[in-house]
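Okay, structure first, notes after.
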Amino acid sequence: MNRTYTVVTGTVGMDAHVIGTKVVSRAFKDAGFKVIELGMQTPTEEFIKAAQESDADAILVSSLYGMAELDLRGFKEQCLEAGLDRVLLYLGGLLGLTRHDFAEDEVKFKKMGFDRVYPPETDPKVAIEHLKQDLADRDAKNTAV
């Protein structure tokens, strides 16, 4: 990375499972990112406000209580309305109320506007490498225009 990228992390909605987002935040800090940690039970509006105020490059949302679809309905549209069209959206966790085929969740949340979607067992190093590549691709596309 040629510059320090900024990410916003937090657990969405009424989800109080904060350990996962703390692990992710620490891993991204250790990888050289500036991390804005929102903690648990974060409304979507706070993610957007923090991304605007920090000129964030990505929003990393965690949800382990199974209500992500409800909590994040319209989130991409809210981000676009707020001028965050270049901000990458990542989501990870236990995204449904019951265990089922993760591929279904991945398709659903990508249709909702998330760039990457991860199951709860994902090593943060995977998301870090994906984000580095996605940011490089985004920056290359922006300089080519």
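The values are calculated or read from the model by the stated rules, or taken from the named source; none is laboratory data. From a predicted model like this one, the values you see are computed outputs, not experimental measurements. Note that each Cβ is placed from the backbone with ideal geometry, even for glycine, and that neighbours are counted across all protein chains shown. Remember, those area values only see protein heavy atoms, side chains included, never the ligands or the DNA or RNA. Shrake-Rupley method; radii C 1.70, N 1.55, O 1.52, S 1.80 Å.
Table for the structure above
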read-out: Sequence-distant lysines (8 or more away, or on other chains) whose Cα lies within less than 23 Å of Lys110; value: Lys49, Lys76, Lys125, Lys132, Lys141
read-out: Met67 accessible area, 1.4 Å probe, all protein chains in place, Å² to nearest 10; value: 60
read-out: Debye, to nearest 20: dipole size of the range 1-125, +1 on Lys, Arg Cβ, -1 on Asp, Glu Cβ; value: 280
read-out: The range 90-145: relative contact order in percent, alpha carbon pairs under 8 Å with at least 6 residues between; value: 36
read-out: Carbon/sulfur fraction of accessible area - the chain, other protein chains in place, 1.4 Å, %; value: 53
read-out: 0 to 90° range, to nearest 10: angle between helix 124-144 axis and the chain longest Cα axis; value: 40
read-out: Mean separation of Cα contacts under 8 Å, 6 or more apart, over the residue count of the chain: relative contact order %; value: 23
read-out: Using θ = phi - 60° and Karplus 6.51 cos²θ - 1.76 cosθ + 1.60, couplings along the range 50-57 (whole Hz; Gly, Pro as x); value: 5, 5, 5, 5, 9, 6, 5, 9
read-out: Whole-number accessible area per residue in Å² for the range 21-145, which is evaluated in the context of all protein chains at 1.4 Å; value: 54
read-out: Paired Rg and Dmax values of the range 44-99, which use every Cα atom, in angstrom; value: 11.7, 36
read-out: Distance cut-off 22 Å, percentage of C-alpha pairs in the chain lying past it; value: 32
read-out: Folded to 0 to 90 degrees: helix 102-111 orientation relative to the chain principal axis, Cα; value: 50
read-out: Order by protection proxy (mean Cβ within 10 Å, highest first), peptides 118-131, 85-98; value: 85-98, 118-131
